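**Q** Take a look at this one; I'll ask things after.
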Amino acid sequence: MFFIFIFSMYYIDQPAIIVPTHGDYYIQLRFGPAGEIIGYGSVDLLDRISLGLSYGASNLIGAGNPGFYKLPGIQVRLLALEQMLWIPAVVCGFDNQGYGRYHDSTSRYDIMSKGLFIQVGSSLEYPDLMIVPSIGVNYSFEQGGRIDIYSGVKFKIGSTEFMLDYSPNLGDEKDQNKGYLNTGIRLIFYNQLFFEFALRDLLDNSSENQQLNRMIKIGYQAAF
């Protein structure tokens with residue numbers, strides 16, 4: 001049986017390998033560079049299916065006019081195969097929430113959404129340590145459609161999680177062909193609240209003067 005106590009649907013930017021549990025729900029706020037704020041809410045309707053919505057804006061905090069996103073984001077996760085012995089878990093999903101500004105002229109976010117994706121991963125448990133690696137492939141519908149890959153790993157020690165994720169960001173005409181590498185730490189309180197701090201774009205891949213930017217998330221998890 002594959003089980004991970006979930007505090008976020010993402011490592012940092014990349015989707016985390018998760019297992020929906022009937023009745024769980026999550027609320028999260030993401031504060032990104034240049035005043036970006038995105039709110040997320042999701043609920044596990046069944047033991048294998050999670051549904052979520054998100055919405056936000058760039059430049060919401062700071063000077064100038066905020067850039068509200070054109071449409072809400074939708075997140076769907078389906079556990080297609082549970083982890084069994086040496087067989088990894090398989091999760092399929094859809095997520096059209098990107099990061100940064102949304103550009104109407106090109107119908108894309110600064111960092112494009114995942115779109116359709118399939119992901120494999122495992123939960124490796126040791127005394128006082130859990131390691132959760134995964135790798136996935138996705139098809140984003142932005143910029144006329146493109147295929148990309150991504151990976152992430154989480155190390156959970158007690159109530160602290162250390163995360164690392166990476167995507168080569170294939171076929172993006174706006175980057176510098178280095179990929180996006182991010183790292184972060186997540187502190188968990190009372191098994192319901194979390195605070196996360198992350199450093200993003202460690203490889204200076206962005207062409208939008210957003211290299212080595214900082215991001216904060218706060219979230220809450222409970223069940224009904």
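The values are calculated or read from the model by the stated rules, or taken from the named source; none is laboratory data. This structure is a prediction, so every number in the text was calculated from the model and none was measured. In this analysis, Cβ positions are derived from the backbone assuming ideal geometry, glycine residues included, and neighbour counts consider all displayed protein chains.
**Q** Which of the residues spanning segment 80-108 are assigned to a strand (DSSP E or B) and in contact with a helix residue (DSSP H, G or I) (Cβ under 7 Å, 6 or more places away or on another chain)?
**A** Result: ARG108, single match.
**Q** Within segment 148-161, can one find any residue that is crowded, with 21+ Cβ neighbours inside 10 Å, among the aliphatic types (A, V, I, L, M) and within 23 Å of GLY219 (Cα to Cα)?
**A** Within segment 148-161, none of the residues are crowded, with 21+ Cβ neighbours inside 10 Å, among the aliphatic types (A, V, I, L, M) and within 23 Å of GLY219 (Cα to Cα).
**Q** Continuing with this model, one more query. Could you check ASP47 against (1) farther than 21 Å from SER123 by Cα; (2) surrounded by fewer than 15 Cβ atoms within 10 Å (Cβ to Cβ); (3) not basic (Lys, Arg) and say which number it fails?
**A** (1)
**Q** Out of all the residues in segment 181-200, is one or more among the acidic types (Asp, Glu), closer than 15 Å to GLY32 by Cα and surrounded by 13 or more Cβ atoms within 10 Å (Cβ to Cβ)?
**A** yes
**Q** Then there is this: All but one of (1) at pLDDT below 95; (2) crowded, with 19+ Cβ neighbours inside 10 Å; (3) charged (D, E, K, R) hold for LYS114; state the number of the condition that does not hold.
**A** All conditions pass for LYS114, except number (1).
**Q** Taking segment 52-66 on its own, how many of its residues are surrounded by 17 or more Cβ atoms within 10 Å (Cβ to Cβ) and out of contact with any helix residue (DSSP H, G or I) (no Cβ under 7 Å at 6 or more places or on another chain)?
**A** Residues that pass the stated criteria total 4.
**Q** Filtering segment 79-111 down to residues that are polar (S, T, N, Q) and over 20 Å from GLN28 (Cβ atoms), which residue is surrounded by the fewest Cβ atoms within 10 Å (Cβ to Cβ)? Before the answer, list the steps.
**A** In the first step, residues of segment 79-111 are kept if they are polar (S, T, N, Q); the result is 83, 96-97, 105-107.
After this cut, where a residue has to be over 20 Å from GLN28 (Cβ atoms) as well, the list is 83, 105-107.
Values: GLN83: 21, SER105: 5, THR106: 12, SER107: 12.
Looking at residues that are polar (S, T, N, Q) and over 20 Å from GLN28 (Cβ atoms), I get SER105.
**Q** Inspect all residues belonging to segment 78-95 and state whether any of them is touching a His at 6+ places or on another chain (Cβ under 8 Å) and either of a type in the set (Ser, Thr, Tyr) or closer than 23 Å to ASP148 by Cα (or both).
**A** No, every residue in segment 78-95 fails to be touching a His at 6+ places or on another chain (Cβ under 8 Å) and either of a type in the set (Ser, Thr, Tyr) or closer than 23 Å to ASP148 by Cα (or both).
**Q** Follow-up. Six or more apart or on different chains, Cβ under 8 Å: which pairs go from a residue in segment 188-212 that's in contact (Cβ under 8 Å) with a residue 12 or more places away in the chain and under 19 Å from MET112 (Cα atoms) to one that's among the β-branched types (Val, Ile, Thr) and surrounded by 19 or more Cβ atoms within 10 Å (Cβ to Cβ)? Could you list them?
**A** That search, which allows pairs on different chains as well, returns ALA198/ILE12; ARG200/ILE12.
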